[in-house]
Amino acid sequence: MTTQDDLNTLIADIAHDINGFIGASVVDLESGMPLASSSVRPDFDLDVASAYNSEIVKNKMRTIEALGLDATFEDMLLTLDTQLHLLKMITPEMFIYLAADRQATNLALLRSAVNRHVAALNA
């Protein structure tokens, strides 16, 4: 069972490993509420981001089902002109959302750090 301390540690470890870290939250998929979150920018509202990203994940899961795909949603990478965003499933009910400055990191490093820390959490 994952504890609140585990989730806080997950976010802190990822923040430490990613240059340009802006913010991250571990989100309950059903409610869209963050279970743990951290941001280095006070204007980056992780409550709002968590809720909207929960809808993105749920819609993608519905799309997979509607297409009759025998597949499981693992992650989604979003590139903005100034930021990179990653949505990564931790369990079927919980995902991590992460935002980073696009000039300070790249998708490969971002994904690698998140995958490594999520795997350690699930071990």
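Computed from the coordinates by the stated procedures, all read-outs in this text should not be read as laboratory data. Computed from a predicted model, the values in this text were never measured in an experiment. Positions of Cβ are backbone-derived with ideal geometry, glycine not excepted, and every protein chain shown enters the neighbour counts.
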Response to the item:
Ala36 passes all but one of the listed conditions (1) surrounded by fewer than 16 Cβ atoms within 10 Å (Cβ to Cβ); (2) under 20 Å from Thr91 (Cβ atoms); the exception is number (1)
Worksheet item: If we keep just the residues of the stretch 68-123 that are among the charged types (D, E, K, R), free of Cβ contacts under 8 Å to residues at least 60 places away in the same chain and touching a Leu at 6+ places or on another chain (Cβ under 9 Å), which is farthest from Val57 (Cα to Cα)?
Response: Arg111
Worksheet entry | Residue list for the stretch 77-123, restricted to those being of a type in the set (Val, Ile, Thr), crowded, with 16+ Cβ neighbours inside 10 Å and within 20 Å of Phe44 (Cβ to Cβ) | Ile96, Thr105, Val114
Practice prompt. Of all residues in the stretch 1-41, count the ones that are within 19 Å of Ala104 (Cβ to Cβ) and either assigned to a loop (DSSP other than H, G, I, E, B) or among the basic types (Lys, Arg) (or both).
Written response: 5
Worksheet item: Mind checking which residues of the stretch 68-119 are in a strand (DSSP E or B), among the hydroxyl-bearing types (Ser, Thr, Tyr) and either in contact with a Pro (Cβ under 6 Å, 6 or more places away or on another chain) or farther than 19 Å from Glu55 by Cα (or both)?
Response: none
